[in-house]
Amino acid sequence: MSNSRLLGAGDVRRLAESLGLRPTKARGQNFVIDANTVRRIVRAAGVEPDDVVVEVGPGLGSLTLALLPAVKRVVAVEVDQVLAQALPSTVQKFAPSLADRLEVVTADAMRVTSLPGPDPSAVVANLPYNVAVPVLLHLLETFPTLQRVLVMVQREVADRLAAGPGSRTYGVPSVKAAWYGRVRPAGLVSRTVFWPAPNVDSGLVALERRDPPPQADREAVFRVVDAAFAQRRKTLRAALSGWAGSAAAAEHILRDAGIDPQARGEQLTVEDFARIAAARG
């Protein structure tokens, strides 16, 4: 819109200085200073004008300002009280005609169980590296109306989330994310677009919601996943012995599920894990 603009590097630094803010590693505070990057994230997210978007950790508002023209509403969840209180005035200054589309919730995203207003339909966020996976899984479980996700995370985390069976990076995050939807890599982001610059590059990960496997419930399946990857180098017969009660019991369950007891967890799809959980009953 004609009376809205995005934050540049100078804007970000001035906002931080006015708030007396020194970015902390503890909260993963690395702020995007490149307008082209936030435009790219919004495009990759595939959001539509009627979407209600949850943004976790909006920080100083770089991505928020790029989202507001594209969607119906942005619900920004920010744990830092200073940043949460400053965001509405930043939006009022840089995009005054869009200010009524923003709702700020001061909360830890890991503990959010409800959000104000219409049900959210998408998540678009630059997630703090240290909590990216648990935050993502919590939101997907808590808000079943979420249909699409686009998150920027540490590149290593992006690789794990989007990995498929047989990959060396395939593991617990890969399987649990796949429970909720189809996950794919959506691009790389250089560390140079952040202030302060982190020590690693970032990756974009997209998820499209789908129905989970019908055979067993989420908690039962996730227990199998955790057990299978807790001892990654072991065969499933050995790795699931504690979960099943014994190695012999694990072998019996695996055979009932049509899974080779000598296979390893990294070879299985989320549907395979669901069959194992269902076979135990």
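The values are calculated or read from the model by the stated rules, or taken from the named source; none is laboratory data. The structure displayed is predicted, hence computed values, not measured ones. In this analysis, Cβ positions are derived from the backbone assuming ideal geometry, glycine residues included, and neighbour counts consider all displayed protein chains. The protein model used for the area step is the full one, side chains on, heavy atoms only, and it has no ligands, DNA or RNA in it. Shrake-Rupley method; radii C 1.70, N 1.55, O 1.52, S 1.80 Å.
Observations, loosely collected:
- Here residue 125 passes the criteria (1) in a strand (DSSP E or B); (2) under 19 Å from residue 206 (Cβ atoms); (3) open to solvent by 10 Å² or more (accessible area, probe 1.4 Å) except the one numbered (3).
- Residues that are of a type in the set (Asp, Glu) and open to solvent by less than 20 Å² (accessible area, probe 1.4 Å) within the range 233-259 are absent altogether.
One line per residue, one yes/no per condition, for (1) open to solvent by less than 10 Å² (accessible area, probe 1.4 Å); (2) more than 14 Å from residue 150 (Cβ to Cβ):
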| site | (1), (2) |
| --- | --- |
| 33 | no, yes |
| 42 | no, no |
| 61 | yes, yes |
| 73 | no, yes |
| 89 | no, yes |
| 95 | yes, yes |
| 98 | yes, yes |
| 104 | no, yes |
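- Of everything in the range 106-122 that is part of a loop (DSSP other than H, G, I, E, B) and over 25 Å from residue 48 (Cα atoms), the residue that is least open to solvent (accessible area, probe 1.4 Å) is 107.
- Residue 262 among the polar types (S, T, N, Q), open to solvent by 60 Å² or more (accessible area, probe 1.4 Å), under 30 Å from residue 144 (Cβ atoms) and outside any helix (DSSP H, G or I): no
- Residue satisfying all of: in the range 160-175; out of contact with any strand residue (DSSP E or B) (no Cβ under 7 Å at 6 or more places or on another chain) and aliphatic (A, V, I, L, M); surrounded by the most Cβ atoms within 10 Å (Cβ to Cβ) among these: 175
- Residue among 146, 139 that alone is hydrophobic (A, V, I, L, M, F, W, C), assigned to a loop (DSSP other than H, G, I, E, B) and either in contact (Cβ under 8 Å) with a residue 24 or more places away in the chain or within 18 Å of residue 209 (Cα to Cα) (or both): 146
- Looking across the range 223-232, the residues that are modelled with pLDDT of 95 or more and either buried (at least 18 other Cβ atoms within 10 Å of the Cβ) or polar (S, T, N, Q) (or both) come down to 224, 225, 227, 228, 229.
- Taken over the range 75-87, the criterion of being out of contact with any helix residue (DSSP H, G or I) (no Cβ under 8 Å at 6 or more places or on another chain), farther than 22 Å from residue 119 by Cα and surrounded by fewer than 24 Cβ atoms within 10 Å (Cβ to Cβ) is satisfied by 80, 81, 82, 85.
- The criterion of being under 24 Å from the mean Cα position of the chain (by Cα) and part of a strand (DSSP E or B) holds for residue 77.
- Residue count for the range 45-74 satisfying the condition of being of a type in the set (A, V, I, L, M) and in a loop (DSSP other than H, G, I, E, B): 5.
- Number of residues in the range 186-222 that are assigned to a helix (DSSP H, G or I) and either within 21 Å of the chain's Cα centre (by Cα) or surrounded by 16 or more Cβ atoms within 10 Å (Cβ to Cβ) (or both) equals 7.
- Residue 157 being touching a residue at least 24 places away in the same chain (Cβ under 8 Å) and surrounded by 15 or more Cβ atoms within 10 Å (Cβ to Cβ): yes
- Flag if residue 132 is part of a helix (DSSP H, G or I), within 21 Å of the chain's Cα centre (by Cα) and crowded, with 17+ Cβ neighbours inside 10 Å: yes
- Taken together, the residues in the range 158-207 that are touching a Ser or Thr at 6+ places or on another chain (Cβ under 6 Å) and within 17 Å of residue 272 (Cβ to Cβ) amount to 2.
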